[in-house]
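To start, the structure itself, in structure tokens.
Every read-out reported here was derived from the displayed coordinates using simple, explicitly stated rules and does not represent laboratory data. Since the structure is predicted, the reported quantities are computational estimates derived from the model, not experimental observations. Neighbour counts are summed over all protein chains in view; Cβ atoms, including those assigned to glycine, are modelled from backbone coordinates with ideal geometry.
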Amino acid sequence: MIESNTADVYGGGIYCWYSSPVITGTRISGNTSSASGGAIRTIGGSGPSLDNDILCGNSPDNIGGPWDGAGDNCLADNCQDNNDNDMPDDCEDLYCEGDANGDSVVDINDLLAILDSWGSPDGDITGDGETTIDDILIVLGNWGSCR
């Protein structure tokens, strides 16, 4: 977690100067800078890769400069989380492949939902019109948190 930091000009949370870090599964929130990139500021050919990160509540913005989004990232203006699931409410509509029950986690409950729908279109994730082994493979391949 990178939280509640302040920078005089750029990059309250992270300042990338000629660097391209890989940032995975990190929450970057409540950071501030006076010019750009409250969470992350990139400059000088930098190109950080973000994968399944949460950036929220950073000021004046979340990211200033180029970056590569390698996975489902949540970028939200605020970090409000009314249902206390560690995901900002503004990001809960992100699509999570394999999450059959919509709880932002791919787990045994999703596998059971797919099995319960076997042969019908109800548990179809692949879009082929019926629930098959291909749908189970998607659940197993995306097992875990949707962040």
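Brief remarks follow.
- Its residue count N sets the reference 2.2 N^0.38 Å, and the alpha-carbon radius of gyration of the range 1-127 equals 1.27 times that reference.
- DSSP-defined beta bridges in the range 4-64 - what % are antiparallel, rounded to 5: 0 percent
- Placing +1 on the Cβ of every Lys and Arg and -1 on the Cβ of every Asp and Glu, with nothing else charged, gives the range 56-135 a dipole about its Cα centre of roughly 200 debye.
- Cβ charges +1 (Lys, Arg) and -1 (Asp, Glu), total dipole of the chain, debye: 1040 debye
- Over the range 8-139, relative contact order from alpha-carbon pairs under 8 Å, at least 6 apart, %: 16 percent
- Computed from backbone phi with θ = phi - 60° and the Karplus coefficients 6.51, -1.76 and 1.60, the 3J(HN,Hα) list for the range 59-69 is 9, x, 8, 7, 10, x, x, x, 7, 10, x Hz; x is used for glycine and proline.
- Percent of alpha-carbon pairs separated by more than 12 Å within the range 105-145: 48 percent
- Estimated translational D of the range 80-132 in µm²/s (Stokes, Kirkwood radius over Cα pairs; 20 °C; 1.002 mPa s): 177 µm²/s
- The range 1-94: chymotrypsin sites (Phe, Trp or Tyr not before Pro) in DSSP loop, at most 10 other beta carbons within 10 Å: 18
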